[in-house]
Protein chains: 2
Amino acid sequence: MSVGIVQEQSLTIETGLRLESGRILAPITLVYETYGTLNAARSNAILVTHAWTGNAHLAGKLAEDDPKPGWWDAIVGPGRLLDTDRYFVICSNVIGSCYGSTGPASINPRTGKRYNLSFPVITVRDMVRAQEFLIDHLGIDRLLTVLGGSMGGMQALEWATQLPERIASAVVLAATPRPSAQAIAMNAVARWAIFNDPTWKKGEYRKNPKDGLALARGIGHITFLSDESMTAKFDRRFSAKDGQFDFFGQFEVERYLSYNGYNFVDRFDANSFLYLAKALDLYDVAWGYESMEEVFSLVKAPLQFFAFTSDWLYPPYQTEEMVNVLQKIGNPVEYHLIPSAYGHDAFLLEHETFTPMVKALLERVGG
Amino acid sequence: MSVGIVQEQSLTIETGLRLESGRILAPITLVYETYGTLNAARSNAILVTHAWTGNAHLAGKLAEDDPKPGWWDAIVGPGRLLDTDRYFVICSNVIGSCYGSTGPASINPRTGKRYNLSFPVITVRDMVRAQEFLIDHLGIDRLLTVLGGSMGGMQALEWATQLPERIASAVVLAATPRPSAQAIAMNAVARWAIFNDPTWKKGEYRKNPKDGLALARGIGHITFLSDESMTAKFDRRFSAKDGQFDFFGQFEVERYLSYNGYNFVDRFDANSFLYLAKALDLYDVAWGYESMEEVFSLVKAPLQFFAFTSDWLYPPYQTEEMVNVLQKIGNPVEYHLIPSAYGHDAFLLEHETFTPMVKALLERVGG
C-alpha cells in the first residue's frame, strides 16, 4: 500500500559543516521526508539514501494529482519492504544536489548570489555528516538500518565506517568501494560535455546549459543500463520516421538517449550534476585510511551487500572486494549476487530480488 | 624487418560507384599502399583493411625522418606475419575517410566545394565495392586473404559474402555481424558531442570543430579499452598538478582522454568521423538478406575469426554467433577466443596472439 500524501520538510543548520576539503559550508539546509511514526523508544528508524540524481521524495505523492509517486515507492508503505506500520523511514536530499538541500544553485548568504562554482567540492562523507545533523534533530540515536544503492550505497558505507555506533545494520546495493578508471572515464566525458557547452559559462548560466547537460545525461544513462538490457529494449531498431540513409537518421536507442537527456534538463541543475559526479569519482571508502582493512575494522554493524551480474558501472567484483575484507576481519557480512540483465539500474527495477533478504535482516536487527 | 620507405599511390575511377543507398558517388579516388611484389601468377596478394580512423599507411615509413611507421607495421615486412618476401600486401584508405580517398572533405566536382553533409551516407559494403576496383586495377583475380580488425573485420566479412570468388580466405578480428544497441549508443553520444559543437555548423566548418571532435574521440577511446586495461594503466591516480578538491582537478584517465582527444583533432576530419560512425552502426552482415544463414551460405572461402575476452565494444558472443552459423551450414570456419585485458584494441596491440594461426591459414590456402 502506498504511504499516500506526504510532505517535504526541511532543517537548516546555521553553523554548517566543516567539509573534508577543510572548507566550511554554512548554513546547510537539508530537505527531507519521513514516512511512518517514530516509536517511543526511537528505535524503529530507517534511513534511505539516494543516488546521483535522486531526491528526498522517496515514496507517496506530494499532491493528489501527482502523476507519479516517489522514486522508490515500491519498497515503502504499509506491508511493503520498509513497512511504515512498523518503521519510521527517512530520506533526505544530499548536499550538493538541487532539490532543496544546499548545493551550487543555492544562494550564498555572503554574496546574495548563487554559489555556482564557488561551491566547495564535497564528498560522500560530507553528505553523511550532514545527514547526521538530521538524525540528531529527529532525536534518533541509532538507525535500524541505512539502505541505499549506487551513491546511496556509498552513503550507507560511510554510515557503517564513520558513524559505526549509530547504525544497527546497513544495506549496500550496486555500490563500489571506489569507482574504477572506466567508471571515472564515463563521468569524465559527461563532465566534458557540459564544459563544452558555451551556455554553461563556467557555471554562471541563467538557464541550464541544455545541449551539454542532455548529452552528459545520455552518457550517464548508458552506464546505468547493460548491453543485454539495451538489446532487449531497442536492439537495432531504426526510428520509423527516419530513413536509414538520412545523415541525421537515428536508431531508437539514439532517440531514447536524446529524449531522456533533454527531459533531464528540466529537472536537474548542471552544476549539481558536476559536483555530484565529482563526489562519485572521488569516493573511496578508505579515504584517509591506510587500507580497506583499516577502515572496515571500524564497522560494528552487520552489513548486507547486493551486486547485480550485468552492472558494468560498479561491477560485482568491486563489491566482492569489500565482502572479502569484511569476512577476513570477521565482521558480520552477507553478500548476494543477483542475476540480472538490467545493469546498474537493477537495484531500482528489481526490488523483489532483494526484498526477502533485507526483510530478514531487519527482523534480525530488531525490527 | 621493416618494409623500409614506402610510397602512397592513388587510383581514380571517374565513373564512380553506385552506393547501397542508390546514390552515385563519382568520381572515386582511392589512396593505397603496397608492400612486396606481386608474383607472375598474381596469386600472392593480401588485402589488409583498416578500422574507423585508420588509413592506407599500414607499414614502413613515408620518409626517412618519419617518427613512426605505419599503423600495423609489426605484422608487415620480411620475416613478419605478412612476409613481404612472399606476399604482395595492399592497404587502401576507405571511401568516407579523410586520408586521400574520397570522403566528405573531398571537393565535389559538380559544385567545386567540399561535399560536407551533401556526401552520401555510405556503408561498409560500399567501401568494399570501391576496393574491388583497386584489386581489378592491380590485375588480381583472387586475394590470398583479406585481413582486418573492427571495421576492417567487417570489410573482410563483406569480401567473404559479397565477393566470394575473389578471396581464398578471410581473417576477421574483433568484429561483429552487427553492432549491438550499446555499441550504437556509444557512437550516438560521440556524434551528439560533435553536433553540440557550435563550430561544427552542420558540417560547414572551416576548421575542425575541436571541442566536439575531441570529446567524441574521448568517448570512442573508452570503448577501445577495457575496465581492466584502464585500471592497469591509470587506476585512480589523480593528476599530480591538481588538488583533489579543485573543481577542475582531473584524474589521470581524464587527462589522457582529453590529451588524446585534442591530438585527434589534428589528424581526422569531423565529418569523416560522423560518416564512418554511421557506417559502423548501420553495419549488418545480413543487410539485404533474410538471415545470417542466407548470407553466409554465399561464402566459399575458409574464414578465421578472432575475438578478445575483454572486448566490450564487439564482445566475443557476437563473433560466436557468426561462427555458429558458419559451422551449422558447414562452411570451413576457425575460431579463436584470445584471453586479453586490452579490450577492443587488443587486435592491434597483441598481434603475437594470432600470428601463428594466421600464418598456418596462409600456408594452407597456398601462400
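The values are calculated or read from the model by the stated rules, or taken from the named source; none is laboratory data. A quick note: this is a predicted structure, and the numbers were derived from the prediction, not measured. In this analysis, Cβ positions are derived from the backbone assuming ideal geometry, glycine residues included, and neighbour counts consider all displayed protein chains.
Miscellaneous remarks
- Among (1) touching a Gly at 6+ places or on another chain (Cβ under 9 Å); (2) charged (D, E, K, R); (3) more than 8 Å from every other protein chain (Cβ to nearest Cβ) - the single one A:ASP227 does not satisfy: (3)
So that you can scan it fast, the table gives a plain yes or no per residue for (1) in a strand (DSSP E or B); (2) among the charged types (D, E, K, R); (3) under 25 Å from A:ALA277 (Cα atoms):
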{"position": "A:MET1", "(1), (2), (3)": "no, no, no"}
{"position": "A:GLN7", "(1), (2), (3)": "no, no, no"}
{"position": "A:SER21", "(1), (2), (3)": "no, no, yes"}
{"position": "A:THR37", "(1), (2), (3)": "no, no, no"}
{"position": "A:ILE46", "(1), (2), (3)": "yes, no, no"}
{"position": "A:ALA56", "(1), (2), (3)": "no, no, yes"}
{"position": "A:TRP71", "(1), (2), (3)": "no, no, yes"}
{"position": "A:ARG80", "(1), (2), (3)": "no, yes, no"}
{"position": "A:VAL89", "(1), (2), (3)": "yes, no, no"}
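- Evaluation of A:VAL265 against (1) more than 20 Å from the chain's Cα centre (by Cα); (2) closer than 29 Å to A:TYR99 by Cα; (3) β-branched (Val, Ile, Thr) (one fails), failing number: (1)
- Given (1) surrounded by 24 or more Cβ atoms within 10 Å (Cβ to Cβ); (2) without any contact (Cβ under 8 Å) to a residue 24 or more places away in the chain, index of the condition B:LYS207 fails: (1)
Listed here are the residues, each with its yes/no results for (1) in contact with a Phe, Trp or Tyr (Cβ under 7 Å, 6 or more places away or on another chain); (2) among the hydroxyl-bearing types (Ser, Thr, Tyr).
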{"position": "B:ALA41", "(1), (2)": "no, no"}
{"position": "B:ALA45", "(1), (2)": "yes, no"}
{"position": "B:ALA51", "(1), (2)": "no, no"}
{"position": "B:GLU64", "(1), (2)": "no, no"}
{"position": "B:LYS68", "(1), (2)": "no, no"}
{"position": "B:TRP71", "(1), (2)": "no, no"}
{"position": "B:GLY77", "(1), (2)": "no, no"}
{"position": "B:ARG86", "(1), (2)": "no, no"}
{"position": "B:SER97", "(1), (2)": "no, yes"}
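- Residue tally, condition touching a residue at least 12 places away in the same chain (Cβ under 8 Å) and loosely packed, with under 14 Cβ neighbours inside 10 Å, over the range B:330-363: 1
- Yes/no for B:ALA307 being away from every other protein chain (no Cβ under 14 Å), buried (at least 22 other Cβ atoms within 10 Å of the Cβ) and small (Gly, Ala, Ser): yes
- Condition check for B:SER258: over 14 Å from A:ALA188 (Cβ atoms) and within 9 Å of another protein chain (Cβ to nearest Cβ): no
- Here is the figure for the range A:254-265: residues that are surrounded by fewer than 22 Cβ atoms within 10 Å (Cβ to Cβ) and either under 27 Å from B:GLU252 (Cβ atoms) or in contact (Cβ under 8 Å) with a residue 12 or more places away in the chain (or both) total 7.
- Meets criteria (in contact (Cβ under 8 Å) with a residue 12 or more places away in the chain and not acidic (Asp, Glu)) for B:ALA45: yes
- Tally of residues being away from every other protein chain (no Cβ under 12 Å) and in a helix (DSSP H, G or I) across the range B:281-296: 5
- Of the helices (runs of 4 or more DSSP H) lying entirely inside the range B:100-217, those containing at least 3 residues that are within 14 Å of chain A (Cβ to nearest Cβ) span B:124-137, B:181-195.
- A single member of A:PHE247, A:PHE268, A:PHE264 is modelled with pLDDT of 95 or more, more than 8 Å from chain B (Cβ to nearest Cβ) and assigned to a loop (DSSP other than H, G, I, E, B), and it is A:PHE268.
- Qualifying residue in the range A:35-44 (condition: within 21 Å of the chain's Cα centre (by Cα) and not hydroxyl-bearing (Ser, Thr, Tyr)): no
- Test: residue in the range B:51-62 that is under 13 Å from B:ALA130 (Cα atoms), touching a Cys at 6+ places or on another chain (Cβ under 7 Å) and touching a residue at least 24 places away in the same chain (Cβ under 8 Å): no
- Only residues that are hydroxyl-bearing (Ser, Thr, Tyr) and farther than 18 Å from B:ALA156 by Cβ were counted across the range B:54-100, and they come to 2.
- A:SER229 fulfils the conditions (1) part of a helix (DSSP H, G or I); (2) closer than 27 Å to B:ASN116 by Cβ except for a single criterion, (2).
- The set of residues from the range A:284-303 being under 17 Å from the mean Cα position of the chain (by Cα) and surrounded by 22 or more Cβ atoms within 10 Å (Cβ to Cβ) comprises just one member, A:VAL285.
- Some residue of the range B:6-23 being of a type outside the set (D, E, K, R), closer than 22 Å to B:LEU348 by Cα and either surrounded by fewer than 20 Cβ atoms within 10 Å (Cβ to Cβ) or in contact (Cβ under 8 Å) with a residue 12 or more places away in the chain (or both): yes
- Taken as a whole, the range B:24-40 holds at least one residue that is loosely packed, with under 14 Cβ neighbours inside 10 Å, within 14 Å of chain A (Cβ to nearest Cβ) and either touching a residue at least 60 places away in the same chain (Cβ under 8 Å) or over 20 Å from B:VAL171 (Cα atoms) (or both).
- B:TRP71 vs. criteria surrounded by fewer than 22 Cβ atoms within 10 Å (Cβ to Cβ) and either touching a helix residue (DSSP H, G or I) at 6+ places or on another chain (Cβ under 6 Å) or among the aliphatic types (A, V, I, L, M) (or both): no
- Subset of the range B:131-149 (residues that are touching a Ser or Thr at 6+ places or on another chain (Cβ under 9 Å) and either under 22 Å from B:TRP71 (Cα atoms) or aliphatic (A, V, I, L, M) (or both)): B:GLN131, B:LEU134, B:LEU138, B:ILE140, B:LEU143, B:LEU144, B:THR145, B:VAL146, B:LEU147, B:GLY148, B:GLY149
- Just one of the listed residues (B:SER169, B:SER101, B:SER150, B:SER106) is among the hydroxyl-bearing types (Ser, Thr, Tyr), under 19 Å from B:LEU282 (Cα atoms) and at pLDDT 95 or above, namely B:SER150.
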